[in-house]
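A.B. asks: Mind having a look at this structure? Questions to follow.
The values are calculated or read from the model by the stated rules, or taken from the named source; none is laboratory data. What you see is a predicted model; the values in this text were computed from it and never measured. Cβ: placed from backbone, ideal geometry, glycine included. Neighbour counts: every protein chain shown.
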Amino acid sequence: MADDKANRGALVVVEGLDRAGKSSQCELLYRSLLDMNYKTKYIRFPDRSTPIGKQIDSYLRGQSQLDDHSIHLLFSANRWEVAQSIHDDINKGITVIVDRYSFSGAVYTAAKGNPNLSLHWAWQPEVGLPRPDLCLFLSISPEEAAKRGGYGVERYETDSMQTRVRNLFLSLLDLPHNDEICVIDAGRSVAEVAQDILEPVLECMKNVDSIGPLKKLG
Ligand code: TMP
Ligand code: MG
């Protein structure tokens with residue numbers, strides 16, 4: 001049951017490869033929390049509805065070409081344009097579920113293989129954004145992902161790109177300051193994965209007040 005005394009909401013991010021089931025799991029998590037009477041919002045990046053998001057959408061569909069640096073900064077700007085509202089919601093006690101965030105931002109750009117776009121470079125525009133209290137990484141093998149089929153429409157949906165993205169995601173998990181990342185085996189049934197996600201999220205929401213105010217990405 002929702003605890004009315006909780007002062008702030010939790011910032012919960014769900015990350016993973018294309019076809020890992022992120023959006024379905026975010027939707028299920030959102031509904032579960034609402035059913036338990038928690039104040040909850042579900043947002044996703046890229047948010048294709050804003051002017052910046054429309055440019056991103058056009059690029060992903062191959063309808064426009066952009067320099068790799070430019071598109072990278074647009075993805076980041078697309079997060080910055082809602083950073084304040086995320087902050088405000090969290091302070092109002094709303095738990096915000098985010099479908100893709102800064103990890104996708106850094107990893108997909110670095111996976112392009114352009115030597116000027118290192119992971120370090122790609123991370124810099126993210127510094128200062130609201131820091132997730134919990135990041136759930138939905139892990140899926142390339143073989144399991146391939147069985148799910150149905151990709152190839154958008155830019156980045158190629159086997160070589162996804163393999164590089166997966167390896168970069170895994171390298172991020174090893175960094176010492178990333179202890180808020182929780183790896184979920186997403187190669188199982190929807191219900192099993194949902195259960196595995198709900199537990200750490202509820203735990204995080206319970207502990208969030210002892211963590212203190214929302215932090216910033218460093
Ligand atoms: P989506 O499939 O979740 O809508 O995301 C669209 C693509 O955009 C996906 O291949 C991942 C990529 N992406 C980035 O390259 N940088 C970002 O910052 C984000 C949020 C997504
Ligand atoms: Mg996709």
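A.B. asks: If I filter the range 19-70 down to residues being touching a residue at least 24 places away in the same chain (Cβ under 8 Å) and basic (Lys, Arg), which single residue comes out as surrounded by the most Cβ atoms within 10 Å (Cβ to Cβ)?
C.D. replies: Lys22
A.B. asks: Taking the range 81-107 only, how many residues are within 19 Å of Asp133 (Cβ to Cβ), in contact (Cβ under 8 Å) with a residue 12 or more places away in the chain and either within 16 Å of ligand 2 (Cβ to nearest atom) or not aliphatic (A, V, I, L, M) (or both)?
C.D. replies: Residues flagged as within 19 Å of Asp133 (Cβ to Cβ), in contact (Cβ under 8 Å) with a residue 12 or more places away in the chain and either within 16 Å of ligand 2 (Cβ to nearest atom) or not aliphatic (A, V, I, L, M) (or both) within the range 81-107 amount to 14.
A.B. asks: Still on this structure, please answer the following. Would it be correct to say that Glu154 is within 14 Å of ligand 1 (Cβ to nearest atom), at pLDDT below 95 and within 21 Å of Leu74 (Cβ to Cβ)?
C.D. replies: yes
A.B. asks: Something else: In the range 140-154, how many residues are within 23 Å of Val183 (Cα to Cα) and β-branched (Val, Ile, Thr)?
C.D. replies: 1
A.B. asks: Could you grab me the full set of residues in the range 54-75 that are near ligand 1 (Cβ under 10 Å from one of its atoms), more than 17 Å from Val153 (Cβ to Cβ) and not hydrophobic (A, V, I, L, M, F, W, C)?
C.D. replies: His72
A.B. asks: Here is a further query. Might you check whether a residue that is of a type outside the set (Ser, Thr, Tyr) and without any contact (Cβ under 8 Å) to a residue 24 or more places away in the chain occurs anywhere in the range 128-139?
C.D. replies: no
A.B. asks: From Ile140, Ile97, Ile86, grab the single residue that is at pLDDT below 95, buried (at least 20 other Cβ atoms within 10 Å of the Cβ) and either away from ligand 1 (no atom under 13 Å from the Cβ) or farther than 27 Å from Glu27 by Cβ (or both).
C.D. replies: Ile140
A.B. asks: Further, regarding this structure: Filter the range 169-205 for residues that are modelled with pLDDT under 95 and part of a helix (DSSP H, G or I); which is nearest to the chain's Cα centre (by Cα)?
C.D. replies: Phe169
A.B. asks: Next question. Give the residues of the range 140-163 that are basic (Lys, Arg) and without any contact (Cβ under 8 Å) to a residue 40 or more places away in the chain, sorted by residue number.
C.D. replies: Lys147
A.B. asks: May I ask you to verify whether Val13 is part of a strand (DSSP E or B), crowded, with 19+ Cβ neighbours inside 10 Å, in contact (Cβ under 8 Å) with a residue 40 or more places away in the chain and within 12 Å of ligand 1 (Cβ to nearest atom)?
C.D. replies: Taking the combined requirement at face value, the residue satisfies it.
A.B. asks: While we're on this one: Looking at Arg131, is it within 15 Å of the chain's Cα centre (by Cα), more than 16 Å from ligand 2 (Cβ to nearest atom) and either at pLDDT 95 or above or not basic (Lys, Arg) (or both)?
C.D. replies: Judged against the criteria, Arg131 is a match.
A.B. asks: Can you find even one residue in the range 184-197 that is over 24 Å from Lys41 (Cα atoms) and among the hydrophobic types (A, V, I, L, M, F, W, C)?
C.D. replies: No: the range 184-197 contains no residue that is over 24 Å from Lys41 (Cα atoms) and among the hydrophobic types (A, V, I, L, M, F, W, C).
A.B. asks: Let me ask you something else. Looking at Ser58, Ser24, which is the one that is within 16 Å of ligand 2 (Cβ to nearest atom), more than 19 Å from Pro132 (Cβ to Cβ), under 20 Å from the mean Cα position of the chain (by Cα) and outside any loop (DSSP other than H, G, I, E, B)?
C.D. replies: It is Ser24.
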